[in-house]
Amino acid sequence: GGHAIDSMVLQRQKEGNFKSIYDFCRRVDLRLNNRKVVESLIKSGSFDSLGNPRAQLMAVIERALESGTKTQSEALVGQFSFFGMDAGDGFSRDDEKLPDIVEWPQAQLLANEKALLGFYLSGHPLDRYKVEIKEFTNFNTSSLSGARDGQMVRLIGLIKTIKLTMTKKTNERMAIIGLEDIAGEMELVIFPSSYQKVSAYLKESAVVIVKGKVSLRDGVPKLMAEEMAGIDEVYDLIKSVQVDLSKVGKPGFEKLKEKLARFPGQVPVYLQVDTKNYKSVQVLVGKDLYVTPSEVLMEEIKSLVGPDCFKVMI
């Protein structure tokens, strides 16, 4: 509320930046800044400038509010305590130490920000999947408007909403999904023909890779989802790996062999190489160099041959 914010700003202007959550609770008007307000400030990241993990601040919120209430009550009746005299000089007291607990998981931090602010402040849940997004998708929610009507595309996103319904004619189950990625949001339509195949992945906050046809009806791009998999299964979708060795030659090939041998599996690897007559040919490696794809393997290959000389087929 506006009055709560005004009391914070006024105290900061009069006595400088807040030094701790205890300092904050002693100085602002707690008739306006109750527990819900302080909790919202912590969860939204507003106390991050103090340099303390949000989980630690939440663990002492009751003590901080009690300390603030006592200080303000004594001030109202003209009293002061020894600790009250030192409250503003940065003196660190043992009873104000924060507990030694780890920060909340990144997913929880972001979920709190989204719930309180309506947007992610310190990152996005999909930030950790940037490698997968780059390698396994060809569109995002923003670029989908540039696709052809009926074009088959792949994208990775976070399921935000799930609406289950029934078809009018055949009374079969279908779903309408709200999907979000770093670029924006869109709607997925899952018809009965695909629902049974993908229903296991329909969970709120799940990160999924989706394959489907673009629909540009009504001027708003939608995706008619046909296939779906969890983000942890994305590497299982790889059918083959292709590596262009034209820039690294034989020395690069020897190093590549060492890398492939460390990730044995069932996925074939195709090499693009230059022959003596300067023709480029594609060669399939022996089965002893077939691999189990992973983010680590992909990054190692790209560091050897360059990001433009590597791709996966799914």
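The convex hull defined by the C-alpha atoms of segment 163-241 has an orientation-averaged projected area of 6.5 nm².
Which of the residue pairs K19/K43; K134/K250; K130/K287; K169/K203 have a Cα-Cα distance greater than 25 Å in the structure shown? In this structure, K134/K250; K130/K287; K169/K203 exceed 25 Å between Cα atoms.
Taking 0.36 nm per residue of separation and subtracting the Cα-Cα distance, full extension of the segment from L98 to Q266 would add 55.4 nm. Only protein atoms count toward the accessible area here, which uses a 1.4 Å probe; on the chain, the carbon and sulfur part of that area reaches 52 percent.
Measuring from a point 7 Å past the Cα of L76 along Cα-to-C-beta, which residues in segment 26-43 have an amide N at less than 17 Å? Only 26-35 fall inside the zone, counting backbone N under 17 Å. Based on C-alpha pairs under 8 angstrom that are at least 6 apart in sequence, segment 175-314 has a relative contact order of 20 percent.
Averaged per residue, segment 167-314 has 58 square angstrom of accessible surface, using a 1.4 angstrom probe with ligands and nucleic acids left out. Within segment 1-17, list the residues whose amide N lies under 20 Å from a label point set 7 Å along Cα→Cβ of I61. Once the point is set 7 Å along Cα→Cβ of I61, 1-9 turn out to lie under 20 Å by backbone N, inside segment 1-17. As a calculated quantity, the FRET efficiency between V131 and E226 at R0 = 30 Å, using C-beta atoms, amounts to about 0.75. Labels on offer are [x] 32, 23, 18; [y] 39, 19, 17; [z] 53, 29, 16, and the one holding semi-axes √(5λ) of the Cα gyration tensor in Å computed from this structure is [z]. Full extension of the chain segment joining N52 with K250 gains 66.1 nm, where the gain is 0.36 nm per residue of separation less the Cα-Cα distance. When only Cα pairs under 8 Å and 6 or more residues apart are kept, what is the percent relative contact order across the chain? Worked out over the chain, it gives 11 percent. Computed per residue of the chain from DSSP H runs no shorter than four, each worth -39500 (n - 2.57), the mean residue ellipticity at 222 nm is -10000 deg cm²/dmol.
Just checking the listed ones, G150, G178, G230: in the Gaussian network model of the chain with Cα springs under 10 Å, the one fluctuating most is G150. The length gained on full extension between I5 and Q242, counted as 0.36 nm times the residue separation minus their Cα-Cα distance, comes to 79.6 nm.
The values are calculated or read from the model by the stated rules, or taken from the named source; none is laboratory data. In this text, all values refer to a predicted model and were calculated from it rather than measured experimentally. In this analysis, Cβ positions are derived from the backbone assuming ideal geometry, glycine residues included, and neighbour counts consider all displayed protein chains. All accessible areas refer to the heavy atoms of the entire protein, side chains included, with ligands and DNA or RNA removed. Shrake-Rupley method; radii C 1.70, N 1.55, O 1.52, S 1.80 Å.
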